[in-house]
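The values are calculated or read from the model by the stated rules, or taken from the named source; none is laboratory data. Please read these numbers as outputs of a predicted model, since none were measured by experiment. All Cβ positions, glycine included, derive from the backbone under ideal geometry; neighbour counts span all protein chains shown. Quick note on the areas: whole protein, heavy atoms, side chains included, nothing else; ligands and nucleic acids left out. Shrake-Rupley method; radii C 1.70, N 1.55, O 1.52, S 1.80 Å.
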Amino acid sequence: MKKSIKNRIVTSNILLVLFSIVIITLIIATFSLRNIYASTLAKTKEIESEWLSLQKNLQLSMTRWLSGTPYNDLKKNKVNIDILLDNLSENSFSFIYPDNLKKEISNMSSIWDFTKKERLDIIIESINNFIPAGKMEFIESDEKKIYIKMQKINYYKNLNFREIVYKHSAEEWDKYSTEALRILENVDLFYEYTDNYSKKVKKCLMVSTDIYQKITTFTTIMIITLLIIQFFIGIMIAFKIGNAVSKPIMKSTNKLIHFVGESMDAGSGSITDEETKQLENCVDLLINYYKELSDIAEKLSIGDISLDFSPKSENDVMGKAFTNIISYLKYLNVGATHFVNGNYNYSLEPRSDKDILATTYNQLSKSIVDLLERTKEIARLESEMGAAARIQSSILPRQDENLVGYEIAHTCITATEVGGDNYDFRSTKNGNWISIGDVSGHGLEAGILALIAQSAFNYGAYLFEKDVSDNELQLKMYDYVNKTLVLLNRVRGKSDTFMTQNYLFERNGTFFCAGAHEIGLVYRKGSGEIEELKELAGRVPFMGIMSEINVSTSDFKFSMDSGDILMLYTDGLIEAKNENSEQFDLFRLKNSFLKYKDHDVNDIKESVMNDLRDFCRDGDLKRYDGFFADDITILILKKK
């Protein structure tokens, strides 16, 4: 009997150890998988951080000395992004990465390679070849050169490259003006592609975050499940061992009682009836105890922790273990009850450094509290953005407002709650004013700059109303609004945000124009053709960069006859994309305009916008959840 019991115990213990090894292996594998995705998420966040830093350093390189710290940091950003993307791309070939994450990493790498080779490398090479110090000193006076030698560090630290390029004419700096302007043009081209790459980085970050959160949840559930399984398997094996031990003992006890009974019948008298009874009571007590433990285990297996159990004695190791388990489960239930009642700040005190369940509970509690705080902040920001959007929408011209001598239709569709597009029009005693433009970027900052420009425009129209014969009012308006933006936005607000703008002043059918925004289109009723007003995209510095500019370089005028139709728009209209990333472009806009030329101006506006939506239905509108990638403004005038 001894040998049989020993073999059973050894076999059971071996099975328990093997099962524990399997459980530990699964837990380690689960944690490893979670760590892999955590690393991917961290690298994606690093790429986003480096990308934002690269954009900032490139902007600073244009507004601070070219060979200074921002430019050196720009090159470091490029190298860091290359390293991070290479590492991320190598890991993405693993079979554990889902297809959607592989696709986003591949798209992000492809767009980065294009942006780097076709845009960023050209800018860096141009700046390297420019040798800033010698060439910039060339244009300064002799007195200034002496000052530069004395205060060289401070001079270059506060120098604004963009201002220097626009400040000096070709006659003053003919040898280097083309090369410097080319650097600025390449920088502007680069920023045309930044939104596309930023969106890909954010999409990859969103997919990585989603997968990481799912893996984290799966890891927590898996660990808890495996521990519970291990717990109950251990109990089952313990009962198996108990049965293996108790049955032979009970059998031997029965034989012993039978033997004692026979001996008593034989008159031996070596064992009394009282001693036999005590032995039977001990066996019954042992059997009943195991039945009680079995009932408790069965209740625990179905989640019933409403038990009242206590050890039988100080030496009742099994009873103490069951009591501790029940107490721990009730302790966890207290925390769960706090969760149900909305008390997410409640925390559990881990029983030891290996108390994974309590630690996970506390981490989950902290995550929920953080999530609630972030949700409140998001709700607050959404409320503020909504208020800003309502303010911006309320100051735009009403649909029932008109210009003297013209039928007019207009609309503005923002890509976010607050847009950077702005337009306005009004009739004055000396003629009609029209304004249309686009602030760099989107969001609240762009919206505020647009609001400042619109307010300055309306006050400017009031100021210039007495100039009944001046044909340069549009130049004065551009200069007046520009100085206002430089003072309020750049000097006081310390912002580098700028905007493109066109101002048109109409008198007796002639439009006097100033600015550098987009090409306008005019349908000539007499010829039945559409004319491109390319001069509207004149060569004049963007607004909000420097106070003193030569606006006359953008001076332009044209006339309209009765029945002619003028269409003005922002770049979001022609740059909207379909599912193949093809732009709506100027060619499609002209065809759409020509198709509806005989309609009412409001019908023309709605029909062109419907053509645009049909074109972008499976493109930008699908990519951005029903929104366009950029703000879109369209303004149509028909001469009566």
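Residues in region 78-129 that are part of a loop (DSSP other than H, G, I, E, B) and open to solvent by less than 80 Å² (accessible area, probe 1.4 Å): SER92, SER94, ILE96, TYR97, PRO98. Taking region 189-209 as the range and being modelled with pLDDT of 75 or more, over 10 Å from the mean Cα position of the chain (by Cα) and open to solvent by 50 Å² or more (accessible area, probe 1.4 Å) as the test, the residues that pass are LEU189, TYR191.
Is it true that some residue in region 26-49 is touching a Leu at 6+ places or on another chain (Cβ under 7 Å), open to solvent by less than 30 Å² (accessible area, probe 1.4 Å) and at pLDDT 80 or above? Scanning region 26-49 turns up at least one residue that is touching a Leu at 6+ places or on another chain (Cβ under 7 Å), open to solvent by less than 30 Å² (accessible area, probe 1.4 Å) and at pLDDT 80 or above. Going residue by residue through region 468-488, is there one that turns out to be among the β-branched types (Val, Ile, Thr), more than 25 Å from GLY572 (Cα to Cα) and either open to solvent by 20 Å² or more (accessible area, probe 1.4 Å) or not in a helix (DSSP H, G or I) (or both)? Yes; the residues of region 468-488 include at least one that is among the β-branched types (Val, Ile, Thr), more than 25 Å from GLY572 (Cα to Cα) and either open to solvent by 20 Å² or more (accessible area, probe 1.4 Å) or not in a helix (DSSP H, G or I) (or both).
From the list GLY335, GLY267, GLY342, the lone residue that is at pLDDT below 80 and part of a helix (DSSP H, G or I) is GLY335.
Among the residues of region 295-310, the ones that are open to solvent by less than 70 Å² (accessible area, probe 1.4 Å), over 14 Å from MET236 (Cα atoms) and of a type outside the set (Phe, Trp, Tyr) come to 4 in all. Take the conditions part of a helix (DSSP H, G or I) and among the basic types (Lys, Arg) and apply them to LYS638. Does it pass? It is false that LYS638 is part of a helix (DSSP H, G or I) and among the basic types (Lys, Arg). For region 529-541, the set of residues classified as in contact (Cβ under 8 Å) with a residue 12 or more places away in the chain and over 18 Å from TYR569 (Cβ atoms) consists of ARG539, VAL540, PRO541, listed by residue number.
Check ASN502 against each of (1) over 41 Å from the mean Cα position of the chain (by Cα); (2) buried (at least 20 other Cβ atoms within 10 Å of the Cβ) and name the one condition it does not meet. ASN502 satisfies all of (1) over 41 Å from the mean Cα position of the chain (by Cα); (2) buried (at least 20 other Cβ atoms within 10 Å of the Cβ) except (1). The single condition among (1) without any contact (Cβ under 8 Å) to a residue 12 or more places away in the chain; (2) assigned to a helix (DSSP H, G or I); (3) open to solvent by 60 Å² or more (accessible area, probe 1.4 Å) that ALA321 does not satisfy is (3). Considered as a group, the residues in region 457-493 that are within 18 Å of PHE556 (Cβ to Cβ) and of a type in the set (D, E, K, R) include one that is farthest from the chain's Cα centre (by Cα), and that residue is ASP470. Residue count for region 555-594 satisfying the condition of being in contact with a Lys or Arg (Cβ under 7 Å, 6 or more places away or on another chain) and in contact (Cβ under 8 Å) with a residue 60 or more places away in the chain: 6.
Consider region 411-454 and keep the residues that are among the aliphatic types (A, V, I, L, M) and closer than 25 Å to LEU566 by Cα. The one that is modelled with the lowest pLDDT is ALA415. For region 577-630: of the residues being assigned to a helix (DSSP H, G or I), charged (D, E, K, R) and surrounded by 20 or more Cβ atoms within 10 Å (Cβ to Cβ), which is nearest to the chain's Cα centre (by Cα)? Step by step, filter region 577-630, then rank; the result is ASP620. Is one or more of the residues making up region 361-379 closer than 30 Å to SER435 by Cα, open to solvent by less than 60 Å² (accessible area, probe 1.4 Å), at pLDDT below 75 and of a type in the set (A, V, I, L, M)? Checked region 361-379: no residue is closer than 30 Å to SER435 by Cα, open to solvent by less than 60 Å² (accessible area, probe 1.4 Å), at pLDDT below 75 and of a type in the set (A, V, I, L, M). The residue that is surrounded by the fewest Cβ atoms within 10 Å (Cβ to Cβ), counting only those in region 454-467 that are closer than 25 Å to SER440 by Cα and in contact with a Phe, Trp or Tyr (Cβ under 9 Å, 6 or more places away or on another chain), is TYR459. Filtering region 345-375 down to residues that are in a helix (DSSP H, G or I) and of a type in the set (A, V, I, L, M, F, W, C), which residue is farthest from THR220 (Cα to Cα)? Residue satisfying both the conditions and the ranking: LEU372.
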